[in-house]
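S.K.: The following block contains the structure, expressed as structure tokens.
The values are calculated or read from the model by the stated rules, or taken from the named source; none is laboratory data. In this text, all values refer to a predicted model and were calculated from it rather than measured experimentally. Note: ideal-geometry Cβ built from the backbone for every residue, glycine included; neighbour counts use all protein chains shown. Heavy atoms of the whole protein, side chains included, go into the accessibility calculation; ligands, DNA and RNA do not. Shrake-Rupley method; radii C 1.70, N 1.55, O 1.52, S 1.80 Å.
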Amino acid sequence: MFNFLIRKDARKILKRKDSDAGEKGRALEDLRASLFNQFNFSDGAKRQQQRICGPATALTFNFVVAVGIIFVNKMVLQTVKFKFPILLTLIHYVVSWFLMAVLKAFSLLPPSPSTKSTRMSTLFTLGFVMSLSTGFANVSLKYNSIGFYQMAKIAVTPSIVFAEFVLYRKKVSLPKVLALTVVSIGVAVATVTDLQFHLFGACVALAWIVPSAVNKILWSRLQQQENWTALSLMWKTTPITLIFLAAMLPCLDPPGVLSFDWNLSNTLVIFGSAILGFLLQWSGALALGATSAVSHVVLGQFKTCILLLGNYYLFGSNPGTISICGAFTAIGGTSIYTYLNLKQQPNKGSPRQPSVLPKSKLGKENGNANGNDGHYGVESV
């Protein structure tokens, strides 16, 4: 009888150990599945991007890079005398594609969503408008002053609002319309003293407005609605952009590229511009994925005013009292727009966060039906 009780207790202990081992095995399986999902599926990569690079980080990153590349590109086109803006843009995208190819070779490039979720025509359209938006921007910088270039950006804001209403029935509240109007007026007043432009450059700047608006809308919507990450979307669309930029070369660039002095100094400046071009495209995509197309344009206008005031307070340049007042007005409008966005966030309610763990086989056997579609709502502007 005593031996029977000992054997019974031993069987209970072994059974408990088997149960504990099974629980540890399930935990390890869930952990493995979580890591695999996080790094090898688009929805996991998307959540990883959102955790690492939130709206504030993305906008700050884009702000710093955008300030740098404006002056570097202006130096390339005017100081280095590289008079080929479309070729410069093409070099930017070739370097970007090469850097992403290196990331892909080391399995560091985030995976793309299923081809069924995004139509090829949408990716083709995005690649096409990217070539027009970036190419025309550099042509505008070549022929026009930075002030006129920033003035053209003002028209992008109403273009985005109008396009999003027509395409997606997306409405803007009256207080935000007033705030955006204040920002636009402030930027116009701030840059009115630097409006040097060429007739051809002005035409290019006007032609740039619509592609720029569509470009920002598609970048924002594809990331927020269809689980694309910034790098994966760049990888898919860059080859399309390269094709259209190559087609634009003979039309918009002057002849004589082979006679350019490709010395070490000039080449390094152009290569530095290309590196900044990759960072600008990446940071802009991150910002558009984390916020909205309108918010990204407002950031650009805020950047213009900060540059103007920084030159005044740090370097002693005197743009005039009217320009300074316009800059402060634009910054005030930007602050109001930001406040209205933050005020709206609690009213929208927090979206249900999808589970990080995918459904394992064991979970399915136990009747676990929790899942997610991986989609995130678009920010209301």
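S.K.: Against the condition in contact with a Pro (Cβ under 6 Å, 6 or more places away or on another chain) and closer than 22 Å to Ala188 by Cα, how does Asn144 come out, does it pass?
M.R.: Considered against the rule, which asks whether it is in contact with a Pro (Cβ under 6 Å, 6 or more places away or on another chain) and closer than 22 Å to Ala188 by Cα, Asn144 comes out as no.
S.K.: Something else about it: Return the only residue of Ser121, Ser159 being open to solvent by 10 Å² or more (accessible area, probe 1.4 Å) and more than 26 Å from Phe302 (Cβ to Cβ).
M.R.: Checking each option against the conditions leaves just Ser121.
S.K.: Return the only residue of Val129, Val182 being in a helix (DSSP H, G or I), open to solvent by 40 Å² or more (accessible area, probe 1.4 Å) and either of a type outside the set (Lys, Arg) or within 22 Å of Ala293 (Cβ to Cβ) (or both).
M.R.: Going through Val129, Val182 in turn, the sole match is Val182.
S.K.: I've got another one for you. Looking only at the range 220-264, which residues are in a loop (DSSP other than H, G, I, E, B) and under 20 Å from Thr125 (Cβ atoms)?
M.R.: Of everything in the range 220-264, those that are in a loop (DSSP other than H, G, I, E, B) and under 20 Å from Thr125 (Cβ atoms) turn out to be Glu226, Asn227, Trp228, Thr229.
S.K.: Restrict the check to the range 82-92 and report whether at least one residue is modelled with pLDDT of 85 or more, farther than 16 Å from Gly277 by Cα and hydroxyl-bearing (Ser, Thr, Tyr).
M.R.: Checked the range 82-92: no residue is modelled with pLDDT of 85 or more, farther than 16 Å from Gly277 by Cα and hydroxyl-bearing (Ser, Thr, Tyr).
S.K.: Just one of (1) outside any helix (DSSP H, G or I); (2) surrounded by fewer than 17 Cβ atoms within 10 Å (Cβ to Cβ); (3) in contact (Cβ under 8 Å) with a residue 40 or more places away in the chain trips up Ala207, so point out which.
M.R.: (1)
S.K.: Could you please let me know if Ser212 is crowded, with 21+ Cβ neighbours inside 10 Å and either among the aromatic types (Phe, Trp, Tyr) or touching a Pro at 6+ places or on another chain (Cβ under 7 Å) (or both)?
M.R.: Answer is no for this residue.
S.K.: When residues of the range 67-99 are filtered for being open to solvent by 10 Å² or more (accessible area, probe 1.4 Å) and among the small types (Gly, Ala, Ser), how many remain?
M.R.: 1
S.K.: Testing Ser283 on (1) open to solvent by 10 Å² or more (accessible area, probe 1.4 Å); (2) within 14 Å of the chain's Cα centre (by Cα), one condition comes back false. Which one is that?
M.R.: For Ser283, the failing item is (1).
S.K.: Then there is this: Does Ser259 satisfy the condition of being surrounded by 14 or more Cβ atoms within 10 Å (Cβ to Cβ) and either in contact with a strand residue (DSSP E or B) (Cβ under 9 Å, 6 or more places away or on another chain) or small (Gly, Ala, Ser) (or both)?
M.R.: Taking the combined requirement at face value, the residue does not satisfy it.
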